Amino acid sequence: MPSAPSKLYSDDVSLLVVTLDTNPFFWSTFSFPFSEFLSHVLAFLNSILLLSQLNQVVVIATGCNSCTYLYDSSSDKNHGSTTGSMPSLYSDLLHNLEVFLAGDQQLAKPRVNAAGGGAPPPSLLSGSLSMALCYIQRAFRSGPIHPQPRILCLQGSADGPEQYVAIMNSIFSAQHSTVPIDSCYIGSNNSAFLQQASYITGGIYYRPPHLDGLFQYFSTVFATDLHSRAFLRLPKSVGVDFRASCFCHKQTIDMGYVCSVCLSIFCEHHDKCSTCGSVFGQAQSNVPSSTDRKRKA
Amino acid sequence: MPEVRIIAKNFMDMVASMPAMKLDKLYENGFICEAILRSLPPLGKKYVLQLLHIDVPVAAKLLEEWVLPDGYTKHRVAIDRLVQLRVFVEAVDRKNDKTYKLNPTFQKSLQQLLVHGGTLPREPMPSNITVRLPNLEDLEAYALQQWECFLLQLISSSLVEKPSNISSSLMKVFQRRLLSQRDKEAPKLTESGFQFLLMETNAQLWYIIREYISNSEERGVDAADLISFMLELSFHVIGEAYNINSLTDFQRSIIRDLADLGLVKLQQGRKESWFIPTKLATNLSVSLADSSSRKELINCDVYRVEYQLPNLIVGAITKESLYNAFENGITAEQIISFLQQNAHPRVADRTPTVPENVTDQIRLWESDLNRVEMTEAYYYDEFPSRVCKLVSEMYLKVHVTLPENGTVCYGKTRRKCTWWLRPGYIHTYESIYAAKSRSKMQRPYGMVHLHPANVLWKTRKQKFALSFAPWKGNRWKKQWGHTLGHYSLLV
């Protein structure tokens, strides 16, 4: 028998954690300006808060070198009063964003300059995913009734292969806590990490074709709460890039060596597994096996 | 027991029932649009968001394509709700297909709200003027106390020490369905009154406000203004003081009534006076359940009071008190849920909150009243005389089986030509020979045509023989009439 039943939460109350890609290297070279992108995102966040008094929104910025919480709708520190020109959400978020960007730039290590040209450094998606999951865990522990959490990744920069292990770990922990990870990817090629994330956790991966109508895509696809998703037609991912990255060089590989104890992947033969320390046996190179087959044939 | 329910109709239903023009005027206020949006079912909210920036009518079929087949009923419910509230405007396009479009006023207000944020027409007053501002706990206690006081006065005016300022005519309006007054007796709670008391605070608030608003027309107050003020009030911040001078005259007259109900607290400073919204006010547009303890109101009926201390009442739930409650129309489930909701916090942590022996006993006592079940039956009289004689000379146990649920009920007939029949299968046994005859009757429940010629009688104590013709088709039906059904007589 339930004690003191209180129907405080209806089915569609949600906690939305948004990880916002603020990589300046990406945005400076991208065709769509960051300010316009931000205006669509802010309108979308405001509409989420509009839908229910109990909805919560948390925004985490994904920078090149650090991540931080930009905005938490349930915290008491929201000082910005609602002036006539914009809601308090906007002013708080923008203020925190400026502070963060300045700080992030200062943290930039000189190695970026040493690499010289080449691909822009990736954003720390693993860091922001971990922070999002920590916040959600705190929400889970706050009581028996809580809003249904989900994560939305707004990402533009390409995947950083060195973050493969960390991202996969956070994806599996999200899957374990049944938190769907939706991703809205606006970069040029599909992001393998985010596709895998959405596939494994049961979220939606979507790459909007026209960025002018971003708010419309947001409100159609990403504003649906978890309860309604059961009976709505939402975009399904067609092909997911499941290729793994090797643990030693962080390159995506198709064929490689797998440790039988901890399942870590290597592209070339090692004597010892770097993750679990188990010793491998003699290497069996590819060439003799193909000649064996030829002999047998 | 017939269940009389007070339908604490939701605020939004009342808003929906307003005429179109008034509704459009209401939608100019951004807060009302927000409150209405929040009251929609989840799919409805999604549709509004999706069509928020679309100016062209969207075909209904397109909306249906967004939904999987499982969710079709939810889709229909959402669309009906949206059309009922006039948020969606239905039209028919050139190809005679149904299209939907957002109400333009609603659309504009909501877009404004999204981009610019909503502003209340009044700002909280600076803290240097507002002295003696109550903190949140005090405010909540005040609101609860006012509400309890109001409820007490509603039920019986004699129990209240200081009556509130609500005019007696207004009280009468509230009491209309809750109390019944007989001429010389004190007013007594009706069944609906009991249901009202057992509802949650929020549901009760809705009921009172609904009565208040529907009565407002008679008092010459515009219902639309009243609703818009109430909804606006729900977006104020709890605990902040707002200047009374920022209210219009009309709103000022309402605010006193609201203070009596516990929705706001009025305070006076040296030069200015202000009002402070309480939690009851801000919950106006959200359906939240707030459990408050109602110690004194259910005073005589569910339990019998044993001791009464200043802060404690000890009562005993006895069979008589519960029978009394059941007679007044309260069900066991209501009592149990009332006990659960108003449990002391320390008891509420325990599972189950209410001990099983208590709940079981309450339910058992309720089922005591349901021991006799009445089912429809037909009463036949004045049979032709030979059959009468037949029946009257022996004890006939008439077994009637009801085809639907197979229960058997029977009645003895004795010396009277009446027997209780029900359209269905009727089997009659002669009691003493039932066991013996069972073995004989291998097709025991064949249909028998009970025609007097078929019956041979001996005396009561001996066997009697009955010859019967098996039932063929519907022939017998025509002779005895359809209502008798078919029956058999077994020996």
Task: Distant-in-sequence amide H partners of B:K265 (H built 1.01 Å from N, under 5 Å) - done: B:I276, B:T278
- [ ] Using 0.36 nm per residue of separation minus the Cα-Cα distance, give me the extension gain between B:E306 and B:D80 in nm, one decimal.
- [x] 76.1 nm
Open item on the list: Just to be sure I understand the model, the point goes 7 Å from the Cα along the line to the Cβ. What's the resulting B:V372 to B:R350 distance in nm?
Closed with: 3.9 nm
- [ ] Could you tell me, in Å, what Rg and Dmax come out for the Cα atoms of region B:11-116?
- [x] 13.4, 38
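Let's test the formula: R0 of 41 Å, r as the Cβ-Cβ distance of A:V165 and A:L94. What FRET efficiency results, to the nearest 0.05? Before the final figure, lay out the partial values.
On the way: r = 34 Å, r/R0 = 0.83.
So, using R0 = 41 Å, E works out to roughly 0.75.
Can you give me the Rg/Rh ratio for region A:203-290, using Cα atoms for both radii and the Kirkwood formula for Rh?
1.24
Just counting partner chain Cβ atoms within 10 Å, what average do the residues of peptide B:45-51 show around their Cβ?
On the way: counts 9, 9, 0, 4, 12, 6, 2.
Counting other chains' Cβ atoms within 10 Å and averaging over B:45-51 gives 6.
With r as the distance between the Cβ atoms of B:E28 and B:V58 and R0 = 25 Å, compute the FRET efficiency 1/(1 + (r/R0)^6) and round to 0.05.
Details: r = 24 Å, r/R0 = 0.94.
The formula returns an efficiency of 0.60 here.
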Open item on the list: I need the phi-derived Karplus couplings for region A:197-203: 6.51 cos²θ - 1.76 cosθ + 1.60, θ = phi - 60°, integer Hz, Gly and Pro marked x.
Closed with: 4, 5, 5, 6, 8, x, x
- [ ] Please order B:V347, B:V56 by the number of other Cβ within 10 Å, starting at the fewest.
- [x] B:V56, B:V347
TODO: Compute the length gained on full extension between B:V221 and B:T318: take 0.36 nm times their separation in residues and subtract their Cα-Cα distance, giving the result in nm to one decimal.
DONE: 30.1 nm
Open item on the list: Testing the spin-label approximation: label points 7 Å from Cα along Cα→Cβ at B:Y142 and A:D271. State their distance in nm.
Closed with: 8.0 nm
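Please report, in whole Å³, the volume per residue of the convex hull around the C-alpha atoms of region A:14-231. Write out the running numbers ahead of the final one.
Values: hull volume 28.3 nm³, N = 218.
Hull volume over Cα atoms, normalised by residue count, gives 130 Å³.
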TODO: Using a Förster distance of 45 angstrom, determine the FRET efficiency expected from the C-beta separation of A:L211 and B:D257, and round it to 0.05.
DONE: 0.25
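Among B:I336, A:I151, B:I54, rank each residue by its count of other Cβ atoms within 10 Å, from fewest to most, as a rough exposure measure. Walk me through the numbers on the way to the answer.
Values: B:I336 18, A:I151 28, B:I54 12.
Listed from fewest to most nearby Cβ atoms, that is B:I54, B:I336, A:I151.
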Open item on the list: Quick check on the exposure proxy: order A:W27, B:W147 from fewest to most C-beta atoms within 10 angstrom.
Closed with: A:W27, B:W147
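Every number in this text was worked out from the coordinates using simple rules, so none of it is lab data. Computed from a predicted model, the values in this text were never measured in an experiment. For neighbour counting, all protein chains shown are included, and Cβ atoms are generated from backbone atoms with ideal geometry for every residue, glycine included.
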